[in-house]
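> Starting off with a structure, shown below.
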Amino acid sequence: MRHTISHTLRRASLNAGTRPLSTSSPQVPPLNTVVLLGSTREKRIGHRVGQYLVSRLDERGGHNVTVLDPRTTGDGFFMKLMEKAHFHYKEHETIPPILDETADILRAADCFVVCTPEMNHTIAPGLTNMMNYFGSAVYSKKPS
């Protein structure tokens, strides 16, 4: 026997468990949320979509948001062709400061929101380049 739930009942049950999070709540610390932008073209709208996402997260509350944009983060460091991934540097080698700073941001993140256009049936190359600097351990066990 097939069971169906009315649209109204389904919406009510989905909304029953949701509530706006308050950053002032002592029981629920704010989530460190990283928004990763993927659009790097000169005439792009991805940054506007990212701004909208940040405004909605701020409006909802409960998020400390950091935006990583390959075009602007580190004065465009992530727009360059990757020479060496962050995790390939040896102890005696000098790591570019922007790599350490970005790795710290990603490690501290509780979750990620990826905002990218579809380009030729895959994610944008700028986003791929920026994310590939850091090993999978930085992203593992964190919702996106």
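Every read-out reported here was derived from the displayed coordinates using simple, explicitly stated rules and does not represent laboratory data. On a predicted model such as this, the values are computed, not experimentally measured, just so you know. Positions of Cβ are backbone-derived with ideal geometry, glycine not excepted, and every protein chain shown enters the neighbour counts.
> With a Förster radius of 25 Å, plug the Cβ-Cβ distance of residue 83 and residue 121 into 1/(1 + (r/R0)^6) and report the FRET value to the nearest 0.05. Provide the component values of the computation, followed by the final result.
Details: r = 28 Å, r/R0 = 1.10.
According to the calculation, E is roughly 0.35.
> Could I have the simple spin-label model distance between residue 60 and residue 90, label points 7 Å from Cα toward Cβ, reported in nm to one decimal?
A separation of 4.5 nm, rounded to one decimal place.
> Within segment 118-137, name every residue whose backbone N is under 18 Å away from a label modeled 7 Å from Cα of residue 47 along the Cβ vector.
124-128, 130
> In addition: Are there any GluC sites (Glu not before Pro) in segment 67-103 that are in a DSSP loop and have at most 16 other Cβ atoms within 10 Å? List them by number.
Qualifying residues, ordered by number: 83, 91, 93.
> Give me the one-decimal nm value for the distance between modelled label points at residue 110 and residue 142, 7 Å along each residue's Cα-to-Cβ direction.
1.3
> What trypsin sites (Lys or Arg not before Pro) in segment 64-111 are in a loop by DSSP, with at most 12 other Cβ atoms within 10 Å of the Cβ?
Answer in residue order: 80, 84, 90.
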